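> If you scroll down you'll find the structure; I have some questions about it.
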Amino acid sequence: MSRKNQTLGEFIIENQSEFKYSSGELSKLINAIRLAAKVVNHEVNKAGLVDIIGTAGDTNVQGEDQQKLDVLANQTFIQTLSKREIVCGIASEEEEDFISINSLDENNQNKYVVLIDPLDGSSNIDVNVSVGTIFSVYRRITPLGTPVTKEDFLQPGRNQVAAGYIIYGTSTMLVYTTGHGVNGFTLNPAIGTFYLSHPNMQYPKDGKYYSINEGNYIHFPKGVKSYLKYCQMEEGDRPYSSRYIGSLVSDFHRNMIKGGIYIYPKSSVAQAGKLRLLYECNPMAFIAEQAGGRASDGFNRILDIEPSELHQRVPFFCGSYNMVKDAERFMAEAQ
Ligand code: AHM
Ligand code: MG
């Protein structure tokens, strides 16, 4: 049920019974994410004002420069989630290994593990372009009261109980699913409250935008090259328009509202593409499917991939159902 002027807080309480295991803990978890999102939003918004931009001098586990705001967002989400008795483990794109939270305490009844990309697209920060946070939630599979293990994190995406993203854009929005459709909430910065602005979001079945880093064209597999030519061909509703922000959350968000496809394929220089299965692709795939869209690695459903490593990368094709289907057809024909 959604109604006019509904706040995220009200929505969480009113929809609690929809959660598969409605003990209230998942509601608390979403509430914790809501709180951390507001803190990070505040920092992202003032990035241009204070001397906070720039690399912190560290490199993250992917070997990329880590920016100060990445560190801050990472700490904010980890601290906010750890302090509540809900989460037993967190894995972050910015951390080499997962973090175990009080899970050596045999009385620990915390059921959930959270995987997070605290600030995705962070290379866009210093040019004032939208960035985002992506999160993914699973129930642990090892018994309560025992130490959390890697197995708890390496679950296929179809096991997710919740996933979402925050987009720090012209408006800040929190978009999430608990497996009962997708709802989007916009922050009123004057009073720090998220309001339900986009109830029951739906991916248009078809679209006219394609989002891919075409600068890498020469390295793309044959199927992707042929699909791109198809997008650019004058026929029917084509050519499609090219839109690429280079910030997954922003590209995904636009495509979900307007209709489109996002592709980060494998290439001759990056055999598994760039995006991380656990922190980026699984949560976005869950949201896409919940909104009637589709997500695959070009051949197989993202949510059915059995993960083998925390920082595993995977090619990503995600968006309007018919557009992803078309791209998969080109991939299969090129095999
Ligand atoms: P990040 O997690 O290091 O920020 O990288 C992920 C980002 C995505 O948001 C974006 O779609 C992609 O990397 C852009 O990569 P590229 O610059 O290679 O096109
Ligand atoms: Mg990322």
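> Just to confirm the filter: which GluC sites (Glu not before Pro) across region 301-335 are DSSP coil and have at most 14 other Cβ within 10 angstrom of their Cβ? Walk me through the intermediate numbers first.
Working: sites: GLU309, GLU328, GLU333; in loops: GLU309.
The qualifying sites are GLU309.
> Could you work out how far apart the two model spin labels at LYS222 and LYS150 are, taking each label as a point 7 Å from the Cα in the direction of the beta carbon, and quote it in nm?
Going from the LYS222 label point to the LYS150 one covers 3.6 nm.
> What is the mean projected area of the alpha carbon convex hull for the chain, to one decimal in square nanometres?
On the way: hull surface 67.6 nm².
Seen from a random direction, the Cα hull of the chain projects 16.9 nm² on average.
> Could you order the peptides 228-239, 110-121, 32-43, 297-308 from most to least packed, using the average number of other C-beta atoms within 10 Å per residue?
110-121, 32-43, 297-308, 228-239
> Rounded to the nearest 5, what is the percent of antiparallel bridges among the DSSP beta bridges in the chain?
Working: 45 of 55 bridges.
DSSP beta bridges in the chain are roughly 80 percent antiparallel.
> In degrees from 0 to 90, rounded to the nearest 10, what is the angle of the helix 25-45 Cα long axis to the longest principal axis of the chain?
Between helix and principal axis, roughly 70 degrees.
> With Rg and the Kirkwood Rh both taken from Cα atoms, where does Rg over Rh land for region 215-259? Before the final figure, lay out the partial values.
On the way: Rg = 12.1 Å, Rh = 12.0 Å.
When Rh is taken as the Kirkwood radius, the ratio is 1.01.
> Same structure, new question: Can you give me the Cα centroid spacing of region 249-267 and region 153-204 in angstrom?
16
> Which value, in debye to the nearest 20, describes the size of the charge dipole of region 209-334 about its Cα centre when Lys and Arg Cβ atoms bear +1, Asp and Glu Cβ atoms bear -1, and nothing else is charged? Walk me through the numbers on the way to the answer.
Working: 15 positive and 14 negative charges, 45 e Å.
Taking the Cα centre of region 209-334 as origin, the dipole is about 220 debye.
> Additional query: In percent, how large is the relative contact order of the chain, given Cα pairs closer than 8 Å and 6 or more residues apart? Write out the running numbers ahead of the final one.
Working: 735 pairs, mean separation 51.7, N = 335.
Once divided by the residue count of the chain, the mean separation gives 15 percent.
> How far is helix 68-82 tilted off the main Cα axis of the chain, in degrees rounded to 10, range 0 to 90?
Helix 68-82 sits at roughly 50 degrees to that axis.
> How much length would be gained if the chain were fully extended between VAL127 and ARG329, taking 0.36 nm per residue of separation minus their Cα-Cα distance, in nm to one decimal? Numbers along the way, then the final one.
Numbers: separation 202, 0.36 × 202 = 72.72 nm, distance 3.69 nm.
Additional length available on full extension: 69.0 nm.
> I need to check one value: relative contact order of region 90-187, counting alpha carbon pairs closer than 8 Å and at least 6 residues apart, in percent.
Details: 185 pairs, mean separation 21.9, N = 98.
Here the relative contact order equals 22 percent.
> Taking the Cα atoms only, what angle lies between the long axis of helix 248-258 and the longest principal axis of the chain, rounded to 10 degrees?
70
> Per-residue counts of other Cβ atoms within 10 Å, averaged by peptide: what ranking do you get for 146-156, 73-83, 212-222, highest first?
Working: 146-156: 17.5, 73-83: 20.4, 212-222: 14.5.
Highest mean packing first, the order is 73-83, 146-156, 212-222.
> I want to verify the translational diffusion coefficient of region 134-204 in µm²/s; compute it with Stokes-Einstein, Rh as the Kirkwood radius over Cα pairs, at 37 °C and 0.692 mPa s. Kindly include the intermediate steps, with their values, before the conclusion.
Numbers: Rh = 14.1 Å.
The diffusion coefficient I find is 233 µm²/s.
> Using only the Cα atoms of region 209-334, what do you get for the radius of gyration and for Dmax, in Å?
13.4, 43
> When you have a sec, figure out the Kirkwood radius of region 8-198 from all distinct Cα pair distances and drop it here in Å to one decimal? Could the numbers behind the result be given before it?
Numbers: mean 1/r = 0.0584 Å⁻¹.
Kirkwood radius, region 8-198: 17.1 Å.
> Now a separate question. Over region 188-302, what relative contact order in percent results from Cα pairs under 8 Å that are six or more residues apart?
33
> For LYS46, list the lysines whose Cα falls under 20 Å from its own Cα; do not include residues on the same chain fewer than 8 positions away.
List returned: LYS38, LYS68.
> Sort 199-211, 182-194 for me by packing, meaning the mean count of neighbouring Cβ atoms within 10 Å per residue, highest on top.
Working: 199-211: 19.6, 182-194: 17.8.
So the order, starting with the most tightly packed, is 199-211, 182-194.
Coordinate-derived values only; no laboratory data. Because the structure is a prediction, the values reported are computed rather than measured. No Cβ is skipped: glycine too gets one built from the backbone with ideal geometry, and neighbour counts run over all protein chains shown.
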